[in-house]
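Reviewing the structure listed below.
Rule-based calculations on the coordinates, nothing more; no lab input. Please read these numbers as outputs of a predicted model, since none were measured by experiment. Glycine also receives a Cβ, built like all others from the backbone with ideal geometry; neighbour counts cover every protein chain displayed.
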Amino acid sequence: MPQHPSSVAPAAVRLLQYTRAEQDEILGGGDDPFGVAATGLRWLSKEDHFGVRQGDRLVAHAGLLRLSVSVDDIETQVVGVGGVAVAPDVRGQGLARLVIAAALEHARTMGPRHAILFCRPPLVPLYQRLGWHPLDEDVRVEQPENRLVTMPLRTMVTPLHDHAHWPSGPVRLFSLPM
Ligand SMILES: CC(C)(COP(=O)(O)OP(=O)(O)OC[C@H]1O[C@@H](n2cnc3c(N)ncnc32)[C@H](O)[C@@H]1OP(=O)(O)O)[C@@H](O)C(=O)NCCC(=O)NCCS
């Protein structure tokens, strides 16, 4: 007998595609669902996508891509996490925790020693609860027309491997932010 979707423990899966339609399915079609439009920043699309479905409905997402950065002028790579989204009616149930955990499990296979993300200041405690740490250093990111701007949002990092330690020093992304 088929089970009712809400009686099945949610699981995060890799998504084959994640377009604006899937994002709208989760967050609705508003023009600033992440609350970051005031920054005026341009963002990169993510390359790998993880999601949670309840029945036929996509209710959560986290995306990933590999990025080149420098920390204190030393070049390295990180995994950028972005597009973290949970449908408004199912927030507070651990779905962000679940979908970010699935994304980070994959990120651990990608090579870089850390993941980074950008968030609005009110979300810092949430990400800290999930094991991320805020960076107090300046983080500069690329924008169109070769502009380099200081990221106005908070930057958070989390280790992907045992004993990974984020070095001190200013950070520069060699791309748009994610
Ligand atoms: C931010 C967002 C993804 C959170 O989703 P969610 O499913 O409600 O989050 P979860 O229920 O998984 O909560 C994650 C953890 O943070 C904790 N948490 C939530 N709010 C918190 C707060 N203000 N302070 C401290 N911890 C908090 C939760 O208790 C949970 O920890 P636990 O599992 O140990 O109990 C969701 O509100 C959202 O989609 N917002 C709109 C889009 C957006 O802003 N995305 C963020 C882009 S960076």
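With each run of n ≥ 4 DSSP H residues scored as -39500 (n - 2.57), what mean residue ellipticity at 222 nm is computed for the chain after dividing by its residue count and rounding to the nearest 500 deg cm²/dmol? Don't skip to the answer; put the middle values down first.
Details: 3 runs with 27 residues, N = 178.
The per-residue figure over the chain is -4500 deg cm²/dmol.
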Order by neighbour count: D56, D24, fewest other Cβ atoms within 10 Å first, most last.
D56, D24
Going by Cα centres, the range 67-97 and the range 105-178 are how many Å apart?
8
Nearest 10 degrees, 0 to 90: helix 95-107 Cα axis against the chain principal axis:
60
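If I take every Cα pair under 8 Å that is 6 or more residues apart in the range 14-173, average their sequence separation and divide by the length, what percent do I get for the relative contact order? Walk me through the intermediate numbers first.
On the way: 276 pairs, mean separation 34.6, N = 160.
Reported as a whole number, the value is 22 percent.
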Net length gained if the chain between L41 and I74 were fully extended (0.36 nm per residue, minus Cα distance):
9.4 nm
If we count other beta carbons within 10 Å of each Cβ, what is the order of F50, F118, F174, fewest first?
F174, F118, F50
Sorted by Cβ neighbour density within 10 Å, fewest at the top, the residues T76, T155:
T76, T155
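About the Cα centre of the range 14-173, what is the dipole size in debye to 20, counting +1 per Lys and Arg Cβ and -1 per Asp and Glu Cβ, all else neutral? Walk me through the intermediate numbers first.
Values: 17 positive and 19 negative charges, 62 e Å.
For the range 14-173, the charge dipole is close to 300 debye.
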